[in-house]
1. With each pseudo-label sitting 7 Å past Cα toward Cβ, what's the B:ASP91-A:VAL121 distance in nm, one decimal?
2. Subtracting the Cα-Cα distance from 0.36 nm times the residue separation, let me have the gained length for A:LEU146 to A:LEU198 in nm, one decimal.
3. Taking each residue in A:26-35, count the Cβ atoms of any other chain within 10 Å of its Cβ, then average. What number comes out?
4. Measuring from label point to label point, each 7 Å out along Cα→Cβ, what is the A:GLN77 to A:LYS455 span in nm?
5. Taking the Cα-to-Cβ direction at A:ASP290 and at B:GLN26 and moving 7 Å from each Cα, how far apart do the two end points lie in nm?
6. By count of other Cβ within 10 Å, fewest leading, how are B:ARG12, A:ARG51, A:ARG115 ordered?
7. Can you give the average number of partner chain beta-carbon atoms within 10 Å of each beta-carbon in peptide B:39-47, as a whole number?
8. What GluC sites (Glu not before Pro) does the range B:20-111 have in DSSP loop regions with at most 10 other beta carbons within 10 Å?
Amino acid sequence: MNKTVTINISGIIFHIEEDAYQVLNNYLIAIKRYFNKNESGAEIMSDIESRIAEMLQSKTNAMKQVILMSDVDFVMQSMGKPEEFADEQSDANSSNSFDEQMGYESQHQKKRMYRDADNKVLGGVCSGIGHYFGFDPVWLRIALALLLFFAGTGFVIYIIFWIAIPEAKTTAEKLAMKGEKADINNISKAVVEEVEQLKKRMEKYGNEFKDMAHKNKHVPRNVAEKIVDFISDVIMNIGKVLLKIVGVFLIIIGLVFFLGLFSSVFGLSFMLDSVNGKDWIDLVLLEGKDLYLGIIGIAIFVGTPVIIMIYGGIKIIFKVNYTNRWVNLGAGIFWLFGFTLLLYVGVRTGNDFNKGAKVRENISINSYDTLYIKMAETPIDLIEVEDAIDYDEHENAYSKHHTESDYMIGKNANGRYLLGHSHLDVIKSQSDVVELVVVKEAKGSDRKMASERAKNIEYKILVSDSLIVCDQLFRVNHADKFRVQSVKVILKVPVGKIVYLDKTLENMLDDVDNTTNTYDGDMINRRWLMTEKGLKCIDCKGLEIDSSQAETEDSLKEENLNITVNGINLKAKNSQVKLDSNGVSIKSKDTKRTIDGKSIHIDTEKKKQVH
Amino acid sequence: MIQTENAKAQMRKGVLELCILSILSQGEAYPTEIIEKLKKQKLVVVEGTLYPLLTRLKNTELLTYRWEESNSGPPRKYYFLTKTGKTYLSDLQNSWYDMVSSVNKTIQNSK
């Protein structure tokens, strides 16, 4: 079964098979073109069509109602092909006659290179060049885009071409661009094509307008409506311009993000005195493939949306309507891949924080009655430690204030390392000797790793006689990574011993318990005596006492130790001992003993004895 | 061979007008008939060549035509010679005879 087309030739209806129709149509078109030059072309065509109709009629009857390919062949044989027409058109066109008898029309006149503004993406450069050399401009566009990555070579080349190659504006130029002879025939053909295009566009607009009017339900009739329409037109135009601006912004922002991401991840730092992302990633993540996977993952995860943004911006600006769903799909998948990478690396890294381990180190120290403990400034240059200094905007100066939980990255000749703050606690010793313990802690994927890391923490404490000097910071080497390392110094003081907390320990104290509930910050620069109940301040004249502790007040009154240059005054509940320049005086409930230079007086309730 | 085809076609082109006018001098005819008669004399011409020629001759008023309605098919043009055409034809025929004898003589002399 075949499809038929219904045509009419010279007013006679024919049913003709589809493929036969194609051939017949082309044939008629060819003849028409041939006779186009002839002034009587129309008449000749009509005669020919009439003859063709006659011939085809003879080919159909009740049994065979449809024109077949064989019939069309017959017609063509009989009528002859245009090449076969002995050129009747006389000497006026003689320059063509020889060529036409040969059956060819010389088409190749000199071709010139123009920019094709009708088929342009940017400036029609690639289209024009494609016409001249006879290849599809897409390849050239791809090549130039790739060249963009080589210091923007593609961009420069394109601009040069854009300037140098003129745009084909007139029809003759356009034909010359494509290499067609610019004679009346071709030009009229080109014009006809353009008119057709224009007509189609107008039709499209007309239809759109009709649809719009349909939606709006009425066509503007009066002045007021016309004004409203005009205003809405203006707004729409402004909107279009704004849209383009948005497009530009998208591109700019996208580029900035991209550059920022690029630089921070790949180690090119814009801001000189801040630690860049790569350093932290380097220290936190595992080395080797996890590090690279992580970087790639971030790059994809952040980069893909950024690139899509840039792409979207370009589309808006250059009015490219082409939305390739494969691009979107591909981008989405790519992005998911980046996400998966990040997830994987994240899980693996998280694993390394699973187990913790503590390593205890006892430092030998003699049990002096009074211990002095202070902090040593870890000798690190400002330049060396990055990001250690906070720029205080209010004071407009660099302040060294950082909380005790800050980790920092330091750098020296060997590379980068992690720094952390150590902490100090003073507690009651279980024995009657002074103990100094340094507890180092770290995390790892298993106890062994964690323990290794803890051991590797570098921290110095110096003890000379009764002076303890602790380092402010501890150091973690690069290989161990950041695994929540911490260092705690525990000073165990037996009852009756005194410890003096130097003011340098201000940030190092870690909620040291004491009997007066004093804050760490207030504990410094004072002496503290370890008692059964905890540390008690000796030096605390004028110190505000927490009034909620009534017991504390009582005990202060009950047990009063006063040491001055003049002497010692010990007051207890019902007794008192005085040591001063006069001598020794001991008073208790019943007895009063006084020892002075001359003699010892003992007074009891009952009698007085003098020795 | 292409070259002789070319020359032959040129020759045919030259005499086509003469032949057509001669045929029509015998009486009116429509294009298909003309082609048939030419074929009988072994002068093969395709209709695509004939139509433009007829139209030109008509335009130069050597020919004219009348329409004849047909039962089976579109109306046909029947061409016939005008007075001018008849005069033109006899003139042309005389030139032809002259040219033929000259050419014959020229050919006979060749080896």
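Each value in this text was obtained by applying a stated rule to the coordinates, not by laboratory testing. Just so it is clear, the model here is predicted, and its values are computed rather than measured. Positions of Cβ are generated from backbone atoms using ideal geometry, with glycine treated the same way; all protein chains shown enter the neighbour counts.
1. 6.7
2. Going from the current span to full extension adds 15.2 nm.
3. Taking the mean over all residues of the peptide, I get 1.
4. For the pair A:GLN77/A:LYS455, the computed spacing is 10.4 nm.
5. Label at A:ASP290, label at B:GLN26, 10.8 nm between them.
6. Ascending Cβ contact count within 10 Å gives the list B:ARG12, A:ARG115, A:ARG51.
7. Average neighbour count from other chains, rounded to a whole number: 3.
8. B:GLU69
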